[in-house]
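Worksheet: the structure to be examined is printed underneath.
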Amino acid sequence: AQTVTQSQPEMSVQEAETVTLSCTYDTSENNYYLFWYKQPPSRQMILVIRQEAYKQQNATENRFSVNFQKAAKSFSLKISDSQLGDTAMYFCAVANAGGTSYGKLTFGQGTILTVHP
Amino acid sequence: NAGVTQTPKFQVLKTGQSMTLQCAQDMNHNSMYWYRQDPGMGLRLIYYSASEGTTDKGEVPNGYNVSRLNKREFSLRLESAAPSQTSVYFCASRVTGRNQPQHFGDGTRLSIL
């Protein structure tokens, strides 16, 4: 069974500053992939960034980047130049890449991020 | 672009009533999923359908049934609703392939009194 732990229930940051959200996971698989999803107050689930476990290079999407440490099973999200629209709940998730996994996601408990003006 | 559409958006039921939540996707995705989201917890998988004609249990299937009606539609049924099933329900779909993300609907807020 997979588990995902987000140890920060809430975080806050000033607009234009940088913030890092933590995530650790556990899986017995060697091949898997990781995601960060954002859930604003509208309740939509929006993909922020994804990373394949076999890739050493950390994924980057505009102001969002990850620090993927496979040996430590850590997958943190860094948001640079924070904007008010980044205020949301952020979920870390893991999915096995195996043929019978069918992309099933295991989610962490979420971190509520508030960006202050 | 519709993406994943869930109906209804809100519903209030009495204990013991039955209800079907509908989900449809227009992205020609093979796999579809149902999750529930409870306060203070992440999304948990109820059931999934890897492809048309197949369904399988997820982490929390008790009290639910599903039907993969065709490639587009995947419904979730509560036969006898219980207060413990009060939650926000999300449907998602995904195209087959490595590293492909799931695309989510806007959720159904279900309250059972």
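Can you put A:GLU10, A:GLU15 in order of accessible area, largest first, using a 1.4 Å probe?
Details: A:GLU10 135, A:GLU15 85 Å².
Greatest to least solvent exposure: A:GLU10, A:GLU15.
Using +1 on the beta carbon of Lys and Arg, -1 on that of Asp and Glu, and nothing else charged, what's the dipole of chain B about the Cα centre, debye to 20? Numbers along the way, then the final one.
Details: 12 positive and 8 negative charges, 8 e Å.
Here chain B has a charge dipole of around 40 debye.
Whole-Hz ³J(HN,Hα) for each residue in region A:33-40, computed from phi via Karplus 6.51 cos²θ - 1.76 cosθ + 1.60 with θ = phi - 60°, x for glycine and proline: what do you get?
Values, residue by residue: 9, 10, 9, 10, 10, 10, 10, x Hz.
Carbon and sulfur atoms: what percent of the 1.4 Å accessible area of region B:1-53 do they account for? Mind dumping the intermediate values first?
Details: 1240 of 2470 Å².
Carbon and sulfur atoms account for 50 percent of the accessible area of region B:1-53.
Tell me: how much accessible area in total is hidden between A and B, 1.4 Å probe, Å², nearest 100? Mind showing how you got there, number by number?
Numbers: alone 6630 and 6180 Å², together 10800 Å².
That pair hides around 2000 Å² of surface in total.
What's the local net charge at B:LYS9, with K and R +1, D and E -1, over the other residues with C-beta under 10 Å away? Intermediate values should be presented prior to the final figure.
Details: positive: A:ARG43, B:ARG109; negative: B:ASP106.
Charge balance near B:LYS9 sits at +1.
With the dipole of chain A worked out from charges on the C-beta (+1 for Lys and Arg, -1 for Asp and Glu) around the Cα centre, which of A:MET89, A:TYR54, A:LEU21 lies farthest toward the positive end?
The residue sitting farthest along the positive end of the dipole is A:TYR54.
Do any residues of region A:88-117 lose at least 20 Å² of accessible area when the full set of protein chains is present rather than just their chain alone, and if so which, with a 1.4 Å probe?
A:PHE91, A:TYR102, A:GLY103, A:LYS104, A:LEU105, A:PHE107, A:GLN109
What ratio of Cα Rg to 2.2 N^0.38 Å holds for chain A?
Details: Rg = 13.8 Å, N = 117, 2.2 N^0.38 = 13.4 Å.
Normalised Cα radius of gyration, chain A: 1.03.
Measure up A:LYS55/B:LYS9; A:LYS73/B:LYS9; A:LYS78/A:LYS104; A:LYS55/A:LYS78 against 27 Å on the Cα-Cα distance and list the ones that go over.
On the way: A:LYS55/B:LYS9 39 Å; A:LYS73/B:LYS9 37 Å; A:LYS78/A:LYS104 25 Å; A:LYS55/A:LYS78 18 Å.
Exceeds cut-off: A:LYS55/B:LYS9; A:LYS73/B:LYS9.
Lys and Arg at +1, Asp and Glu at -1: add these up for the other residues within a Cβ distance under 13 Å of A:ASN58 and post the number. Spell out each step's value before the answer.
Numbers: positive: A:ARG50, A:LYS55, A:LYS70, A:LYS78; negative: A:GLU52, A:GLU61.
Net charge around A:ASN58: +2.
Just the number, please: carbon plus sulfur as a percent of the accessible area of region A:20-84, 1.4 Å probe, no ligands or DNA/RNA counted. Kindly include the intermediate steps, with their values, before the conclusion.
On the way: 1400 of 3310 Å².
In region A:20-84, the share of accessible area belonging to carbon and sulfur is 42 percent.
For region B:10-46, state which residues have at least 20 Å² less accessible area in the presence of all protein chains than in their chain by itself, taking the probe as 1.4 Å and leaving out ligands, DNA and RNA.
Listed in order, they are B:TYR33, B:TYR35, B:GLN37, B:GLY40, B:GLY42, B:LEU43, B:LEU45.
Using just the alpha carbons, could you tell me how many Å³ per residue the convex hull of the protein assembly as shown encloses? Please list the in-between numbers first.
Working: hull volume 27.9 nm³, N = 230.
Hull volume over Cα atoms, normalised by residue count, gives 121 Å³.
How many nm separate the modelled label positions at A:LYS55 and A:LEU84, each set 7 Å beyond the Cα in the direction of the Cβ?
That separation, rounded to one decimal, is 3.3 nm.
Suppose all protein chains stay in the model; what accessible area per residue would a 1.4 Å probe give for chain B, in Å²? Write down the numbers at each step before the final one.
Working: 5180 Å² over 113 residues.
Result: 46 Å² of accessible area for each residue.
Find the accessible area per residue for chain A; the probe is 1.4 Å, ligands and nucleic acids are left out, and the unit is Å².
On the way: 5620 Å² over 117 residues.
With all protein chains present, chain A gives 48 Å² per residue.
Quick one: which residues, 5+ away or cross-chain, put their amide H under 5 Å from the amide H of A:ALA59? H built at 1.01 Å from N.
A:VAL66
Provide the net charge surrounding A:ALA95, with neighbours chosen by a C-beta distance below 12 Å and charges set as Lys +1, Arg +1, Asp -1, Glu -1. Can you show the working numbers first?
Numbers: positive: A:ARG50, A:LYS104, B:ARG94, B:ARG98; negative: A:GLU29, A:GLU52.
Its environment carries a net charge of +2.
Short version: ³J(HN,Hα) in whole Hz for each residue of region B:7-18, in order, from phi by Karplus 6.51 cos²θ - 1.76 cosθ + 1.60 (θ = phi - 60°), x for Gly and Pro, what are they?
Running phi through 6.51 cos²θ - 1.76 cosθ + 1.60 with θ = phi - 60° gives 9, x, 8, 9, 7, 10, 10, 9, 3, x, 6, 10 Hz.
The values are calculated or read from the model by the stated rules, or taken from the named source; none is laboratory data. From a predicted model like this one, the values you see are computed outputs, not experimental measurements. We place every Cβ from the backbone using ideal geometry, glycine too, and count neighbours over all the protein chains shown. Side chains are part of the model used for accessible areas, which takes the heavy atoms of the whole protein and leaves out ligands, DNA and RNA. Shrake-Rupley method; radii C 1.70, N 1.55, O 1.52, S 1.80 Å.
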